[in-house]
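Here's the structure we're looking at; comments come further down.
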2 protein chains.
Amino acid sequence: MSALRPQAEGEAAPGPPRHSGELSSTQASTRLLAYSDALLSIIATVMILPVAHTKIHPDQKLGESIQQLLLMKIAVYLMTFLIVTVAWAAHIRLFQVIELIDDVLALLNLACMMLITFLPYTFSLMASFPGVPFGIFMFSTCAIVIGLIQAVIVAYGFYHPYLLNHQIQMSENQAFYKHHILQIILRGPVLCFLAAVFSFFFIPMSYVLLGLVIFLPHITRLIIWCKNKTGGPEEEEERHRLEAFTFYLNEPLSKERVEAFSDGVYAIVATLLILDICEDNVPDSKEVKDRFHDRLIEALSEYGPNFLAYFASFVTTGLLWFVHHSLFLYITKTTRFMGLLNTFSLAFIGGLPLGYQLTSEFAEKSHNEIEAIQVSCVITFFASIFQFAIWITALFHERETLHPLARYGGKEHAFMFAKLALYPCVSLGAFFLTCLLSKFSTAIFHIMQIVVPFAFLALRILVRISLAIMKSVLSLSRRKSVVLDEEETCLSPAETLS
Amino acid sequence: MSALRPQAEGEAAPGPPRHSGELSSTQASTRLLAYSDALLSIIATVMILPVAHTKIHPDQKLGESIQQLLLMKIAVYLMTFLIVTVAWAAHIRLFQVIELIDDVLALLNLACMMLITFLPYTFSLMASFPGVPFGIFMFSTCAIVIGLIQAVIVAYGFYHPYLLNHQIQMSENQAFYKHHILQIILRGPVLCFLAAVFSFFFIPMSYVLLGLVIFLPHITRLIIWCKNKTGGPEEEEERHRLEAFTFYLNEPLSKERVEAFSDGVYAIVATLLILDICEDNVPDSKEVKDRFHDRLIEALSEYGPNFLAYFASFVTTGLLWFVHHSLFLYITKTTRFMGLLNTFSLAFIGGLPLGYQLTSEFAEKSHNEIEAIQVSCVITFFASIFQFAIWITALFHERETLHPLARYGGKEHAFMFAKLALYPCVSLGAFFLTCLLSKFSTAIFHIMQIVVPFAFLALRILVRISLAIMKSVLSLSRRKSVVLDEEETCLSPAETLS
């Protein structure tokens with residue numbers, strides 16, 4: 001099973017197409033998938049813009065405004081993010097079955113992408129007019145058409161078997177496979193169809209059905225997991241069935257695509273604020289003449305907090321990307337649960353521009369300074385703690401999912417631990433400090449921003465020093481209890497740190 | 001030389017880090033480069049947003065407005081695009097020398113990226129206040145700091161030689177290499193420093209110097225090319241010197257990175273309009289109640305042209321991506337000139353949202369309908385004709401740059417030709433048709449939009465049919481002139497099409 005992906009890559013090497021006879025028009029799907037990942041990651045994070053652009057008057061209390069305005073938009077953002085990741089997971093599954101593409105498949109995939117990019121808009125409609133069936137109807141129509149296009153892709157793939165995954169190509173049960181994949185792909189659209197029907201006479205039911213579409217993959221996964229835990233005798237038969245479909249029911253997500261999708265999200269989030277800055281923060285030449293007597297620098301200093309917010313947001317996103325990058329260097333296999341945690345982490349990453357937009361608008365101007373900083377800290381904390389959770393999950397099955405160097409007791413284990421723990425600790429610390437010392441909250445926040453990048457640069461040295469100290473302390477205490485097994489001491493650096 | 005890249009890839013395979021001793025912290029640079037490409041491509045296309053968001057009153061003549069408002073913003077957009085591609089080319093060169101990274105290099109690279117993302121803003125300042133030195137000063141400062149960070153990266157790389165390209169690692173002239181690379185990297189910052197100095201007493205000179213920074217790589221390339229053409233006897237010695245630095249002076253751009261950068265531009269351009277639609281085109285619930293008596297669909301039909309513009313823009317971008325994708329499947333090596341043509345093509349791709357924004361705002365409402373459509377056609381034409389130019393350039397050195405199947409006379413040659421010629425022909429045709437039949441311009445434009453995707457789907461069949469017809473016509477005419485060499489007939493399908 002784990003040999004499937006590398007073998008497929010070896011076969012479908014990027015670059016020139018295959019030679020043999022009729023197949024000259026088939027191509028490796030690598031670039032198509034990269035482009036799809038880029039599109040999907042942009043769409044997933046787009047809906048944070050209406051949230052970030054919500055103008056709140058400095059005198060207004062943040063608490064009330066959030067309740068009135070933001071909550072609905074944040075809900076739309078999260079819904080969009082989740083549905084796009086579901087569509088993305090389905091896309092991965094689809095192109096794990098179909099490994100080579102030709103022009104027809106490329107065009108069909110583009111059509112599919114176009115409809116997916118339209119989904120956020122239907123969510124906005126639903127959120128603005130929760131009582132009108134039109135939003136649900138439009139969303140369902142899009143989802144059904146996407147499902148049908150994917151079904152056409154599958155049918156086309158099975159009609160031209162040389163496009164398929166090698167294992168399915170060789171299998172005798174091709175028809176069975178096809179049936180099963182179609183069933184998985186069309187499950188969502190059928191639910192959407194029901195939602196569209198219900199939307200005309202009982203709207204709450206259709207919302208329940210739409211929620212089901214988003215969480216269905218995880219619910220089925222949970223049910224299977226529970227069954228495996230409780231039903232002992234059934235397990236054998238279950239496993240046998242699983243083996244046949246091993247790479248869509250129980251598949252680890254493709255690590256490359258998780259990375260590509262995450263990269264897209266991090267990149268668009270890092271640059272979201274520069275979009276605003278380039279449009280809104282270029283002073284008007286007339287205003288500069290009248291108000292500032294042609295002194296451009298004075299006029300620009302008005303925007304100071306905005307620039308600071310931009311750099312802070314870029315640095316935080318960049319460093320969280322760096323942590324993610326380091327983590328995935330050592331992860332050898334991505335399970336579904338790790339994918340889910342990654343999605344949660346990315347959803348909070350998408351919220352970062354909102355946090356920093358708040359700090360740029362409120363800081364030192366209004367009553368909401370502390371709230372803005374605390375919101376930023378909370379978002380940073382959750383984004384980083386979910387990264388940490390990925391690492392913990394990986395440690396549970398470290399033989400399958402982690403590179404030997406990063407396993408418990410490995411050379412890089414302690415260092416990795418420190419890298420992942422830095423942001424949760426710092427953001428939590430800053431949060432509680434602002435609660436205690438509310439007068440200095442802006443100063444605390446800025447110090448945190450400046451210190452963290454240097455902490456990352458010096459992390460390796462810091463970890464070595466602390467490990468050395470821990471070692472000597474431990475060896476001293478052990479010498480007292482006359483246990484001198486030095487090997488164990490170096491094998492458990494994580495304990496000493498946690 | 002061409003063996004350099006694959007060897008490097010084999011050595012620096014993505015995934016787990018290397019094992020040997022001290023090197024456990026080094027990593028393959030693939031993901032860092034992918035993330036950098038994503039950031040750079042977003043930044044390159046960001047500045048089209050202020051252009052696209054320029055509100056023009058429907059009664060105002062488009063011609064005048066363009067002169068007053070748009071031209072400056074378009075200039076800023078093009079400047080940004082060019083400077084970012086220059087920075088990107090420098091980035092490629094840098095990471096062709098340094099092939100493995102560690103945490104320090106990753107963090108330095110992030111700092112470098114952050115400064116690059118700030119460059120568009122300095123251009124906006126320059127464009128808004130052309131007579132004030134502050135914009136130039138800020139740009140120069142950023143460029144100098146970027147240059148210094150890159151110099152630090154090079155110095156760090158040469159201090160830890162295991163990070164370097166294998167060929168340089170083995171070379172005896174390491175110091176010479178280092179000197180040469182630093183010289184190339186610091187050339188831009190030195191010019192910027194001069195520009196910053198001149199900005200205080202003679203501003204036009206600093207603009208000339210900044211222009212030089214953008215075009216310097218191409219100017220030096222042109223000079224070398226001219227020298228090679230004119231100076232016959234010097235050629236030998238020149239080539240010998242070139243061989244030593246073969247992969248930075250005469251290097252073909254890394255094909256993967258050209259693809260990644262292009263993918264980023266295409267993806268962000270395809271989704272730029274949905275950003276606006278999600279923010280601006282959700283009707284206000286109060287307005288729906290008062291003006292449309294709770295009929296949401298009527299309210300939405302007001303936005304019809306916007307949705308149409310979005311889909312048209314997405315389809316055009318998607319299909320141009322598809323052509324680009326097909327083209328680069330058959331290109332085996334990307335020369336600098338092809339990279340330059342690709343940059344021009346991408347710069348026009350970035351302009352597509354502007355064109356479609358115009359059609360959505362003007363169509364059937366104002367005097368500027370035809371102009372808006374013609375602008376879209378012109379942008380599409382240039383975006384696609386530069387793609388075509390890449391193909392022509394590749395054909396000139398087809399033995400080095402093209403896959404055998406796509407070479408002149410190859411199986412896929414005619415098909416590739418048709419794919420690349422479709423958009424230039426269609427957009428040019430639509431342009432002249434709107435001139436002739438100005439009353440039906442909107443209808444012509446919409447028909448073009450609907451026909452093109454289907455033309456792509458049926459292209460293979462169409463090409464086969466026309467080839468068969470041409471073949472039979474040719475064989476008939478040849479039979480008359482008693483030349484029956486059938487093989488030559490099938491070897492020149494391009495002639496029959498052009």
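For the stretch B:301-317, the criterion of being away from every other protein chain (no Cβ under 14 Å), in a helix (DSSP H, G or I), open to solvent by 10 Å² or more (accessible area, probe 1.4 Å) and of a type in the set (Val, Ile, Thr) is met by no residue. Within the stretch B:274-294, is even one residue modelled with pLDDT under 75 and under 30 Å from B:Gln169 (Cα atoms)? Scanning the stretch B:274-294 turns up no residue that is modelled with pLDDT under 75 and under 30 Å from B:Gln169 (Cα atoms).
Has the stretch A:328-347 got any residue that is more than 16 Å from the chain's Cα centre (by Cα), away from every other protein chain (no Cβ under 11 Å) and within 27 Å of A:Leu433 (Cβ to Cβ)? The answer is no; no qualifying residue exists.
Rundown of residues vs (1) part of a loop (DSSP other than H, G, I, E, B); (2) in contact with a Ser or Thr (Cβ under 9 Å, 6 or more places away or on another chain); (3) touching a residue at least 12 places away in the same chain (Cβ under 8 Å); (4) within 21 Å of B:Leu33 (Cβ to Cβ), yes/no style:
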{"position": "B:Leu94", "(1), (2), (3), (4)": "no, no, yes, yes"}
{"position": "B:Ala106", "(1), (2), (3), (4)": "no, yes, yes, yes"}
{"position": "B:Asn109", "(1), (2), (3), (4)": "no, yes, yes, yes"}
{"position": "B:Pro120", "(1), (2), (3), (4)": "no, yes, yes, no"}
{"position": "B:Phe123", "(1), (2), (3), (4)": "no, yes, yes, no"}
{"position": "B:Gly131", "(1), (2), (3), (4)": "yes, no, yes, no"}
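So, A:Gly211, is that one small (Gly, Ala, Ser), surrounded by fewer than 16 Cβ atoms within 10 Å (Cβ to Cβ) and within 21 Å of A:Ile136 (Cβ to Cβ) or not? Yes. Of all the listed residues (B:Leu32, B:Leu71), the sole one being open to solvent by 70 Å² or more (accessible area, probe 1.4 Å) and either modelled with pLDDT of 65 or more or within 22 Å of B:Met126 (Cα to Cα) (or both) is B:Leu71.
Which of (1) surrounded by 19 or more Cβ atoms within 10 Å (Cβ to Cβ); (2) touching a Cys at 6+ places or on another chain (Cβ under 9 Å); (3) farther than 19 Å from B:Thr271 by Cα does A:Met126 not meet, given it meets every other one? So the condition that A:Met126 fails would be (2). The residue that is nearest to B:Gly339 (Cα to Cα), among those in the stretch B:388-398 that are out of contact with any helix residue (DSSP H, G or I) (no Cβ under 6 Å at 6 or more places or on another chain), away from every other protein chain (no Cβ under 14 Å) and part of a helix (DSSP H, G or I), is B:Ile392. Note on the stretch B:4-29: residues that are more than 8 Å from chain A (Cβ to nearest Cβ) and either open to solvent by less than 40 Å² (accessible area, probe 1.4 Å) or at pLDDT 65 or above (or both) total 7.
Among the candidates A:Leu437, A:Leu467, the residue that is away from chain B (no Cβ under 14 Å), surrounded by fewer than 17 Cβ atoms within 10 Å (Cβ to Cβ) and at pLDDT 75 or above is uniquely A:Leu437. Does the stretch A:320-327 contain at least one residue that is touching a residue at least 60 places away in the same chain (Cβ under 8 Å), more than 26 Å from A:Phe417 (Cα to Cα) and not hydrophobic (A, V, I, L, M, F, W, C)? No, every residue in the stretch A:320-327 fails to be touching a residue at least 60 places away in the same chain (Cβ under 8 Å), more than 26 Å from A:Phe417 (Cα to Cα) and not hydrophobic (A, V, I, L, M, F, W, C).
Does the stretch A:108-126 contain any residue that is farther than 17 Å from B:Ile274 by Cβ, within 12 Å of another protein chain (Cβ to nearest Cβ) and touching a helix residue (DSSP H, G or I) at 6+ places or on another chain (Cβ under 7 Å)?
Yes, the stretch A:108-126 has at least one match.
Scoring B:Lys411 on the criteria (1) of a type outside the set (S, T, N, Q); (2) buried (at least 20 other Cβ atoms within 10 Å of the Cβ); (3) within 14 Å of chain A (Cβ to nearest Cβ) leaves a single failure, condition (2).
Between B:Phe417, B:Phe382, the distinction of being touching a helix residue (DSSP H, G or I) at 6+ places or on another chain (Cβ under 6 Å), in a helix (DSSP H, G or I), modelled with pLDDT of 85 or more and surrounded by fewer than 19 Cβ atoms within 10 Å (Cβ to Cβ) belongs to B:Phe382 only. Mind counting the residues in the stretch B:130-152 that are under 10 Å from B:Cys112 (Cα atoms) and open to solvent by less than 40 Å² (accessible area, probe 1.4 Å)? Looking only at that region, the number is 6.
A single entry from A:Leu405, A:Leu428 fulfils the requirement of being open to solvent by 40 Å² or more (accessible area, probe 1.4 Å), under 25 Å from B:Leu107 (Cβ atoms) and in contact (Cβ under 8 Å) with a residue 24 or more places away in the chain: A:Leu428. For the stretch B:163-189, enumerate the residues that are at pLDDT 80 or above and surrounded by fewer than 15 Cβ atoms within 10 Å (Cβ to Cβ). Residues satisfying the conditions are B:Ala175, B:Phe176, B:His179, B:Gln183.
The values are calculated or read from the model by the stated rules, or taken from the named source; none is laboratory data. A quick note: this is a predicted structure, and the numbers were derived from the prediction, not measured. A quick note on method: Cβ atoms are made from the backbone with ideal geometry, for glycine too, and the neighbour counts reach across all protein chains shown. The accessibility values were calculated without ligands, DNA or RNA, using every heavy atom of the protein model including side chains. Shrake-Rupley method; radii C 1.70, N 1.55, O 1.52, S 1.80 Å.
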